[in-house]
Amino acid sequence: MMKKKIVFGFVLCMLIALLAACNSEESSSDGEGDQVTLDFWTMQLQPTFTDYIEDLVSTYEEENPNVKINWVDVPASDLEQKLLSDISAGNEPDVVNLNPAFGSNLADMDALVNLDEELSDEEKSVYLEGAWKANQLDGETFALPWYLGTEIAFANTEIFKEAGVDPENAPTTYEEAAELAKTVKDETGKYGYFPSFEGTLSMQYLVKMGVDLLNEDRTEAAFNTEKGVEAVQFFADLYKNGLIPPESLGEQREITSKFQSGELAFGENVFMTEVKENAPEIYDVAKPYEALTGSSGKKNLNVQNLVVPSGSEHKEESIKFAQYVTNSENQLAFTKLTAILPSTKETLEDPYFTELPEDPEVADHERIITAKQLPKAELLVPPMNNFNELQTAIHDAFSKAMLEEATPQEALNEAEKKWNEILASEE
């Protein structure tokens, strides 16, 4: 019996030692010298930016030999559902490219790392203030800003001249855009202005025209005011009087189609790369201007960011890699490949964003103008829970008023009721 006890005790000790060794090995998997694999998801960057991302990853792996980056590019239409499914299954990636709206939804679920707890003030200060604030929910930062954009307006200078309008006097406000729309319509029969109401644009118009979306503690809608009704009435009148195209209530891409066909004098959100390819004669007479605004003087900031899911097994390495992707040097290289803007202060100070090259073309002027207004731009529609439902309610209000299915006041009454029901359901 004694012999059996000794043998059993020896085997038990061996098992304990083996488990201890395994646990020690697992606990040191993030240690220096051990291989760590990070899953890095981007949103629809292939094939255009395949070389850039692959070079970025390759360089990082050379500088950090203990880290392996597994890059996965996901179609924009699939990313949200795929990420939610993987988070639910406990199989989330480590670094993900998202927009603030969806990022805020995940942050509200405590599914993302709070970067305020992970980064120093010095590390945070490299980013533009507006870009940093765009990724905050209830005072906590859930993402690093990556690449940015601001709206910019374009004029077909030939239509301006045909209508007797000096291209140097292009509109700067919505009221001036309405005046241009009437002049161009009267003189040429073409459209002078084309606003789109797709996505968050309806909400942006309200904010630019001095309307608050939420009350101070973000518990109730605040847009159903005299100013709010006036803003909806403004666009309803333009639509009713035929001064803006019927396609205004359709997809935003219709602006580019109308511009490159030579039927539009002035508009924002025109994709000039398409115009250059499809209608070079229009591109040659196009001129960029700062974005339109209303009484608030505000201009919108578009943000793409990088988040680290809280379920990541390698938070420290993930944050370090996200900082590398968004550092000033890598952002400068990225911005030179396409018409995007950087989120880092140092990159924005580079001559590429402050000085025109010799024989500049439209894209060069566009870059300088957008870079100039970038530090003052802000995310006009802040991250909110149940964002898509709130967005739809505002879009429907504009649509019903413009199609005369409801008065502007009735439309906002309905939108306010929907917003308050949605907001109350969060409590």
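The values are calculated or read from the model by the stated rules, or taken from the named source; none is laboratory data. Since the model is a prediction, treat every value here as computed from it, not as a measurement. Cβ coordinates were reconstructed from backbone atoms using ideal geometry, including for glycine residues, and neighbour counts include every protein chain displayed. Keep in mind that these areas ignore ligands, DNA and RNA; they rest on the heavy atoms of the full protein, side chains included. Shrake-Rupley method; radii C 1.70, N 1.55, O 1.52, S 1.80 Å.
Overview of values
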quantity: Cα-Cα over 32 Å, subset of LYS208/LYS320; LYS82/LYS372; LYS161/LYS240; LYS161/LYS298; LYS133/LYS182; LYS68/LYS276; calculated: LYS208/LYS320; LYS82/LYS372; LYS133/LYS182; LYS68/LYS276
quantity: Magnitude of the charge dipole, region 195-260, Cβ model with Lys/Arg +1 and Asp/Glu -1, debye to 20; calculated: 280
quantity: With every protein chain in place, the chain: carbon and sulfur % of accessible area (1.4 Å); calculated: 48
quantity: Rounded FRET efficiency, nearest 0.05, which uses the C-beta distance separating LYS372 from GLN81 and R0 of 41 Å; calculated: 0.60
quantity: Helix axis angle, 174-188 relative to the chain longest principal axis, alpha carbon, degrees; calculated: 50
quantity: Relative contact order of the chain, pairs being alpha-carbon contacts under 8 Å that are 6 or more residues apart, as %; calculated: 23
quantity: Accessible area expressed per residue, region 97-251, with surrounding protein chains retained (probe 1.4 Å, Å²); calculated: 41
quantity: Mean Cβ count within 10 Å, highest first, over the residues of peptides 158-164, 201-207, 378-384; calculated: 201-207, 378-384, 158-164
quantity: Under-5 Å amide H pairs with ASP39, H placed in peptide plane, nonlocal only; calculated: ASN70, ASP94, VAL95
quantity: Sum of -39500 (n - 2.57) over DSSP H runs of 4+, divided by residues of the chain (222 nm, nearest 500); calculated: -14000 deg cm²/dmol
quantity: Principal-axis tilt of helix 50-63 within the chain, Cα atoms, nearest 10 degrees; calculated: 40
quantity: Listed residue (THR200, LEU128, LEU115) projecting farthest to the positive dipole end of region 106-219, Cβ model; calculated: THR200
quantity: Near-label residues of region 146-162 by backbone N, under 20 Å of a point 7 Å along Cα→Cβ of GLU281; calculated: 155-162
quantity: Degrees separating the helix 2-27 axis from the principal Cα axis of the chain, which is the longest one; calculated: 30
quantity: Within region 365-427: Cβ-based charge dipole about Cα centre, in debye rounded to nearest 20 (Lys, Arg +1; Asp, Glu -1); calculated: 520
quantity: Of (i) 34, 28, 21; (ii) 49, 27, 17; (iii) 105, 29, 16, the label for semi-axes √(5λ) of the Cα gyration tensor in Å derived from the coordinates; calculated: (ii)
quantity: Peptides 268-274, 82-88, 351-357 ordered by average Cβ neighbours within 10 Å, highest first; calculated: 268-274, 82-88, 351-357
quantity: Lys/Arg +1, Asp/Glu -1 at C-beta; region 37-89 dipole; positive extreme among SER85, PHE40, ILE69; calculated: SER85
quantity: Shape category assigned to region 293-422 from the gyration tensor of Cα positions, a/c cut at 1.5; calculated: oblate
quantity: Long-range HN-HN contacts of LEU112 with modeled amide H, under 5 Å; calculated: SER310
quantity: Mean separation of Cα contacts under 8 Å (6+ apart) over length of region 261-397, as relative contact order %; calculated: 28
